[in-house]
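The values are calculated or read from the model by the stated rules, or taken from the named source; none is laboratory data. For clarity, every value in this text was computed on a predicted model and none was experimentally measured. A quick note on method: Cβ atoms are made from the backbone with ideal geometry, for glycine too, and the neighbour counts reach across all protein chains shown. When the accessible area is computed, the model is the full protein with side chains, heavy atoms only, and any ligands, DNA or RNA have been set aside. Shrake-Rupley method; radii C 1.70, N 1.55, O 1.52, S 1.80 Å.
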Amino acid sequence: MWWIALDEPTEKDEFLLEEGVPFFEEQKKNGIRFYSGEYISRDIELCTITIPEEESDVNFMPDNFLGMEINTFVFNQRVRKMLEACQVDNIQYFPVRIINKGTGEIFDDYKIANIIGIIDCIDYDKSNISWHSENSISFIKGMTIDPEKVKDAPLVFRIKGYPLVAAMHNSLKTALEENDISGINFVKPEKFFV
């Protein structure tokens, strides 16, 4: 069984950065998208994320850092170790420094997670989707993942046509939940809409 993994709060008090992060916009301008499912061969500078003073009253930093317009996972060391223990080997990591301007706290254990692999996994006959263009889905109101298309898939991958989300195997979802990993929410593909 497969799940759609979303980078969104799992707890009420998890921190969510409300403003965009210039680093990600800059990378897009350079043709780099951490949600493309493709290996990035270029050197990437250190990503600095600043939590502004007005948002600095952070109750709880989630294991997957959450921010508007980031469009990818930013995992702390706990998540990375757990994924390694589950033998996930198709993620490329890039360093991140998170600075809380209000408190002066610095978090250096987060890394951008570039999930490598994009799979045409959707059973289009059993899914309710609309296409923006030939390779880009604009609307999803429930989708079915075709078991034949994912029989040799890694435990996590990006979905062709809509790579902003990742598909995760049930075994990985279970491991994340058993370890109380925060900042990743799971939705059944049939219930996923955008």
Practice problem: Determine if region 3-20 includes at least one residue that is part of a loop (DSSP other than H, G, I, E, B), at pLDDT 90 or above and crowded, with 17+ Cβ neighbours inside 10 Å. | Solution: no
Self-check item: The listed residue being under 16 Å from the mean Cα position of the chain (by Cα) and over 16 Å from ALA5 (Cα atoms), out of ASP152, ASP89, ASP120, ASP108
Solution: ASP89
Quiz item: If you scan region 177-188, which residues turn out to be within 19 Å of ILE129 (Cα to Cα) and either at pLDDT below 95 or part of a loop (DSSP other than H, G, I, E, B) (or both)?
Solution: LYS188
Self-check item: The lone exception for GLU25 - which of (1) assigned to a loop (DSSP other than H, G, I, E, B); (2) loosely packed, with under 12 Cβ neighbours inside 10 Å it fails
Solution: (1)
Exercise. Sort out which residues of region 79-128 are of a type in the set (Phe, Trp, Tyr) and either in a helix (DSSP H, G or I) or in contact with a His (Cβ under 7 Å, 6 or more places away or on another chain) (or both), and write them in order of number.
Key: TYR124
Exercise. Please determine, by comparing only the residues of region 47-77 that are open to solvent by 10 Å² or more (accessible area, probe 1.4 Å) and at pLDDT 95 or above, which one is farthest from GLY104 (Cα to Cα).
Key: GLN77
Quiz prompt | All positions within region 157-176 that are open to solvent by 50 Å² or more (accessible area, probe 1.4 Å), of a type outside the set (A, V, I, L, M) and modelled with pLDDT under 95 | solution = LYS160
Quiz item: How many of the residues in region 132-158 are free of Cβ contacts under 8 Å to residues at least 60 places away in the same chain and touching a strand residue (DSSP E or B) at 6+ places or on another chain (Cβ under 6 Å)?
Solution: 8
Quiz item: charged (D, E, K, R) and more than 30 Å from ILE145 (Cβ to Cβ): does that describe GLU14?
Solution: no
Quiz item: Limited to region 151-194, what total is found for residues that are of a type in the set (S, T, N, Q) and either under 20 Å from LEU16 (Cβ atoms) or touching a helix residue (DSSP H, G or I) at 6+ places or on another chain (Cβ under 7 Å) (or both)?
Solution: 3
Quiz item: Which of the residues belonging to region 123-156 are charged (D, E, K, R) and within 30 Å of CYS86 (Cα to Cα)?
Solution: ASP123, ASP146, GLU148, LYS149, LYS151, ASP152
Practice problem: From (1) under 16 Å from the mean Cα position of the chain (by Cα); (2) polar (S, T, N, Q); (3) over 20 Å from LEU6 (Cβ atoms), pick out the condition that doesn't hold for SER133. | Solution: (1)
